[in-house]
Each structure stands twice: as structure tokens, then as C-alpha cells.
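Trainee: Here it is, the structure, as C-alpha cells.
Values in this text are rule-based calculations from the coordinates and carry no lab data. Not measured: the values here are computed from a predicted model. Neighbour counts run over all protein chains shown; Cβ positions are idealised from the backbone, glycine included.
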Amino acid sequence: MACILLFVTLTRYNLNTLGQQRAKAHLCRLYHSGRVPHALLFLGQTGWGTLALALGFAQWLQCETDAALKDADGPCGLCKACRKAAQWSHPDIHFSYPTVGANALSANFAKEWREALTGNPWLDANTWLQRLGAENKQGNITKEECNAIIRKLSLKIFEGRYKILLMWLPEYLGKEGNRLLKLIEEPPEQTIFLLVAENADLILPTILSRCQLVKTDPLSDEEITEALQRHRHLEAGRARQIAFLSAGDFNQALQLADNPENDDAALLLDWFRKCWRGNGVELVRWTEHFAKLGRENQKQFLHYGLHFLRELLALVVTKHAAPRLRPDELSTAQNMAGVLNFDKIARMAAMLNENVYFIERNANPKILFLDTSIQINRILKGGGPNP
């Protein structure tokens with residue numbers, strides 16, 4: 001019979017057991033084999049529960065109960081170590097995550113980190129960085145943070161079974177990740193790295209090669225529906241609708257439940273309508289407004305735009321697809337499907353994807369998005385991009 005982890009936590013939502021049966025069974029086998037790798041890479045969207053899964057596993061590794069060491073399916077949740085881990089205050093579980101500022105350290109934002117996890121352990125990177133006041137700055141894991149990690153892990157264990165470093169979004173390390181290569185390859189005794197990532201392509205290959213992979217999966221509509229009914233007391237039909245729209249992402253489901261109007265969706269549809277009309281004054285005003293949103297919000301908008309175009313592409317290709325879009329978005333998608341083909345949608349998606357790259361490298365957003373608006377107008381009206 002498959003061994004399933006039952007994580008007991010003290011978070012407000014108490015939902016760290018949501019889904020991920022395959023990944024939990026794999027972690028259970030690793031734990032009871034007595035050969036937990038010194039570096040695990042949890043790979044999947046945070047909204048699928050990837051971060052929550054890693055937090056629960058860190059708690060289990062420190063659990064002091066004999067049953068947890070032998071044949072249990074997860075931490076007891078009652079011992080001193082579990083209580084500290086559930087409140088993200090265990091002295092031998094160290095956290096590292098993107099911050100804002102050239103010399104910023106994760107430890108400087110420990111209070112905000114605990115508050116964010118208490119409110120929503122499925123939060124996305126943009127939500128976290130906006131909590132830190134990112135505005136026009138981009139998140140990063142700095143050189144100083146890497147040096148601090150090396151110092152922390154050189155110390156003796158305080159009271160736990162292991163020294164654990166849980167790093168959320170190592171994609172933000174960039175080239176600074178080279179500073180941690182030797183430490184990850186040859187860690188001090190009883191030291192474990194738990195890296196939680198969403199995009200393996202943005203992580204140094206030399207780091208990836210040193211980690212054992214734990215992949216997570218999108219949550220099922222049924223799992224999200226049941227969780228929303230149980231913890232948000234939503235009517236069954238409304239919970240099913242939100243689950244369908246969230247596409248396996250519980251963070252998105254919570255946002256839809258709490259804030260039915262999605263600013264990114266409204267902004268995208270307004271932009272596409274202005275691109276269709278091609279009025280230069282309107283497009284200039286739109287880009288001036290968009291430039292004020294800050295780079296992290298701009299990237300979030302572009303990622304939402306890519307989601308919309310993927311659903312639109314499915315609608316165009318299959319004709320009878322049921323896109324994961326809300327009524328106003330679906331209406332716009334159906335109208336666009338009448339004038340766009342596979343090639344045009346693919347070209348628009350490629351532009352948005354390139355814009356993520358340019359924004360990350362501090363391109364001027366006014367120039368970038370005015371040019372993109374003109375290009376999209378040409379595509380919508382049947383022409384090609386400018387040579």
C-alpha cells in the first residue's frame with residue numbers, strides 16, 4: 001500500500017496535505033530508507049503546493065517523536081521541534097528567498113516571511129516581492145545572502161537532527177549560485193538542502209546536477225473544489241467554477257475566491273481592444289500607465305497574457321475546447337478566435353515571452369510596450385511584424 005505523508009501544520013489554512021500524493025509517496029520512501037539525499041529539488045508551481053510540501057518535509061526531518069523515526073507517514077505535529085517548524089522558527093531550519101535590494105539578506109525579512117506563509121503558503125513570487133515593496137525593483141538572491149548561507153551552515157546543529165536550508169526560488173540566484181556549488185556538493189555533516197523551484201531552465205546546470213528531483217503536479221479540480229468548500233465555505237457550484245479557472249493552482253483559486261475581479265485580466269483585455277483599434281493616442285496612454293506598475297507587476301501581467309494566449313490557442317486548434325477562462329475573457333477569446341490562426345497567436349505569444357526577458361534586463365517599458373502594441377495591431381489586422 002502506498003505510503004502517504006500526512007503533514008500536520010499550524011498554519012491558518014492547515015492545508016499542507018492538499019494533493020501531491022505521488023510526490024508525498026516518493027518522499028515517504030526516501031525518509032524510511034534512511035538515505036535522504038543531501039540536496040533535493042522540489043520542482044513545480046508554488047500554487048500546486050510545492051513550497052508547502054518542502055516545508056512539511058523539513059518539519060518531518062526535525063520531528064522528535066519515535067514514531068516519526070520508524071513507521072509514521074509524516075511528522076507528529078505535537079513535539080517541540082514540530083511546533084517550532086510549523087511556526088517557521090526552528091533554529092536549525094534556515095530559509096532563503098528572493099528579496100529586494102542589492103545587498104539584501106533573507107534574515108532581514110524573516111518577520112514578513114513568517115507572516116506571508118501564515119497567510120498563504122501557496123503564494124506566488126510577485127505577491128511576495130510586492131509585500132517587500134518591490135515597485136520598480138526586481139527580486140534577487142544576493143552575493144551577501146550566499147555568503148550568509150555558507151556561514152550559517154558552518155555552525156554546529158543547535159537542537160535538531162539536521163541543519164536544513166530551504167531555498168525558495170533558486171532561479172533568482174543567477175550567477176551567484178556558483179558561490180554555493182562546493183557547499184551543495186560537499187555539505188557539512190547532517191546538512192540537507194531543500195530547493196523549491198518553478199523553472200529548472202533558470203537554474204545553473206551545475207546546481208541541478210547535484211540535486212535529486214521531486215516533481216509536483218497541478219492539483220485536480222476535485223481537490224481544489226473540496227478545499228475551497230471546506231476552508232472558504234463556498235457553494236459547490238462556485239467552488240467548481242473557481243477550480244476549473246485556476247488550472248490546478250490553489251494560490252490562483254484563493255485569489256479568485258477572495259478577489260473575483262482580476263486586474264491582470266481586465267488590463268489584458270483592455271490592451272488587446274486598444275491594439276485592435278490601433279489608435280496611437282490610446283496606445284501611448286496605455287503604455288504610460290503600464291510603465292508605472294513596476295517591473296515585477298509587469299512580468300506578472302505578461303505571464304497572465306501567456307496563459308490567455310495558450311487557452312486561446314487551444315480554442316482555435318480544437319474548436320470545441322473548454323478554455324480555463326472567465327466569461328468576459330472567454331467572450332474576448334471567442335471573438336479573437338474568429339480572426340486569428342495558429343501562426344498569429346504563436347507570434348503574439350513569442351513577443352510576450354521575449355518581453356519578459358527584456359523587462360528582466362531593465363528595458364524601457366514605455367518603448368518596449370508601445371512597439372509591442374504596434375506589432376500586435378499589425379498581427380490582429382492581418383499583417384506581419386515590422387522587418
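Trainee: Could you tell me the calculated FRET efficiency between residue 103 and residue 317, based on Cβ-Cβ distance and R0 = 41 angstrom, to the nearest 0.05?
Mentor: 0.25
Trainee: Any chance you could run the full-extension gain for residue 190 through residue 150? It's 0.36 nm times the residue separation minus the Cα-Cα distance, nm to one decimal.
Mentor: Full-extension gain reported as 12.9 nm.
Trainee: With the dipole of segment 263-380 worked out from charges on the C-beta (+1 for Lys and Arg, -1 for Asp and Glu) around the Cα centre, which of 333, 306, 278 lies farthest toward the positive end?
Mentor: 278
Trainee: Could you tell me which of the pairs 175/344; 299/344; 111/299 are separated by over 29 angstrom between their Cα atoms in the structure shown?
Mentor: 175/344
Trainee: Could you sort the peptides 114-122, 163-171, 277-285 by per-residue average Cβ neighbour count (10 Å cutoff), highest mean leading?
Mentor: Averaged packing, sorted descending, gives the order 163-171, 114-122, 277-285.
Trainee: Kirkwood Rh over Cα pairs of segment 21-217 into Stokes-Einstein at 25 °C, 0.890 mPa s: D in µm²/s?
Mentor: Estimated diffusion coefficient is 145 µm²/s.
Trainee: As a test of the formula, what do you get for the chain when each DSSP H run with n ≥ 4 contributes -39,500 (n - 2.57) and the sum is divided by the residue count, at 222 nm and rounded to the nearest 500 deg cm²/dmol?
Mentor: -16000 deg cm²/dmol
Trainee: Would you indicate which of (i) 5, 24, 35, 27, 9, 1; (ii) 5, 26, 34, 24, 9, 2, 0; (iii) 5, 21, 29, 24, 14, 5, 1 is the value of P(r) over Cα pairs in 10 Å bins from 0, in percent derived from the coordinates of this structure?
Mentor: (iii)
Trainee: If you count, for each residue, the other Cβ atoms within 10 Å and average over each peptide, how do 355-368, 39-52 line up from highest to lowest?
Mentor: Descending mean neighbour count gives 39-52, 355-368.
Trainee: Could I ask something else about it? With only Lys, Arg, Asp and Glu charged, each at its Cβ (+1 for the first two, -1 for the last two), find how big the charge dipole of the chain is about the Cα centre; round to the nearest 20 debye.
Mentor: Details: 45 positive and 41 negative charges, 81 e Å.
Charge dipole, the chain, about its Cα centre: 380 debye, nearest 20.
Trainee: Taking the C-alpha atoms of segment 263-380, how large are the radius of gyration and the largest Cα-Cα span, Dmax, in Å?
Mentor: Computed over the Cα atoms of segment 263-380, radius of gyration and Dmax are 13.6, 40 Å.
Trainee: So between residue 374 and residue 361, what do we pick up on full extension, going 0.36 nm a residue minus the alpha carbon distance?
Mentor: Taking residue 374 through residue 361 to full extension adds about 2.5 nm, to one decimal.
Trainee: Check cross-link reach from residue 137 to the aspartates and glutamates: straight Cα distance under 15 Å, and skip same-chain residues fewer than eight apart.
Mentor: Partners within reach: 296, 360.
Trainee: A further question on this structure: In whole Å, how far is the Cα centre of segment 276-294 from that of segment 320-359?
Mentor: Centre-to-centre distance over Cα atoms comes out at 19 Å.
Trainee: Also, I was wondering about something else. So for each of 267-274, 231-238 I average, over its residues, the number of other beta carbons within 10 Å; can you give me the resulting order with the highest mean first?
Mentor: Descending packing order for the listed peptides: 267-274, 231-238.
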